1. Please specify each residue of segment 156-198 satisfying the condition of being open to solvent by 60 Å² or more (accessible area, probe 1.4 Å) and aliphatic (A, V, I, L, M).
2. Of the numbered conditions (1) modelled with pLDDT of 90 or more; (2) within 14 Å of L107 (Cβ to Cβ), V53 satisfies every one except a single condition; which is it?
3. Which count do you get for residues in segment 105-134 that are of a type outside the set (D, E, K, R) and without any contact (Cβ under 8 Å) to a residue 60 or more places away in the chain?
4. For the condition modelled with pLDDT of 90 or more and among the polar types (S, T, N, Q), what is the one hit in S175, S192, S183?
Amino acid sequence: MAALGLGLQVRQFSTSVLRQALIRPPIDVYGVRGRYATALFSAASKQKKLEQVEKEMRTLSALIKDPKLSSIVMNPHVKRSLKLKFFGDAMTKANLSPISVNLITVLADNGRLTLTADVVGAFAKMMSAHRGEVICTVTTAHPLDEANLAELKVALNGFLAKGETLILETKSDASILGGMIVSIGDKYVDMSTKTKIHKLTKIIRDS
């Protein structure tokens, strides 16, 4: 399998010409995973296949969780060519498009197949933002009751722009003691009791 347009996009990502050619996703995801996901988003967008590729990324995610395939693909002692052959056979059976196949080809060529799940996750975030969804994660010491949850949603919706939709995920973590930790879009606010105690302790020690 030859690495075509997507391969060139990833390998030449740092050039100014490519930066102008890329169709930027609605949000930036940094790091290596972000670079591959951005190239994938751009390639899929240009071919008007964003939704198709999104579905195929879910298929890829399932493939790499398969114990037999994962034991080969994620094994650093297995040759890249062998990894690509096994992955290629699996993708052929899944009837994936050239865009998705190219992604895996480039990851294999660059010794980055272990980042497949991270790239898929980054692409999912870009697609979520593309649909106007704003993912918010709220962590509290104890599960919120319905009344508090409804009040929280009203408050969080105040952060959204017109046309955006809140996707709320709640978690419980007894170690934060109380309060909450909120992550919404690119904003992160730690209002946990644990953090407040640490800050108070530091103030006392420094005084």
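The values are calculated or read from the model by the stated rules, or taken from the named source; none is laboratory data. Keep in mind that what you see is a predicted model, and the values were worked out from it rather than measured. Please note: Cβ atoms are built from the backbone with ideal geometry, for glycine as well, and neighbour counts cover all protein chains shown. Each accessible area value is taken on the protein alone, full model and side chains, heavy atoms only, with ligands, DNA and RNA left out. Shrake-Rupley method; radii C 1.70, N 1.55, O 1.52, S 1.80 Å.
1. Scanning segment 156-198 gives I167, A174, L177, V189, M191, I197.
2. (2)
3. So the count comes out to 9.
4. Answer to the selection: S175.
A quick yes/no check of all residues on (1) acidic (D, E); (2) in the same structural domain as K49 (by the TED database); (3) more than 14 Å from S61 (Cα to Cα); (4) modelled with pLDDT of 90 or more:
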site	(1), (2), (3), (4)
K93	no, yes, yes, yes
L96	no, yes, no, yes
S100	no, yes, no, yes
L103	no, yes, no, yes
N110	no, yes, yes, no
T116	no, yes, no, yes
V120	no, yes, no, yes
A124	no, yes, no, yes
T139	no, no, yes, yes
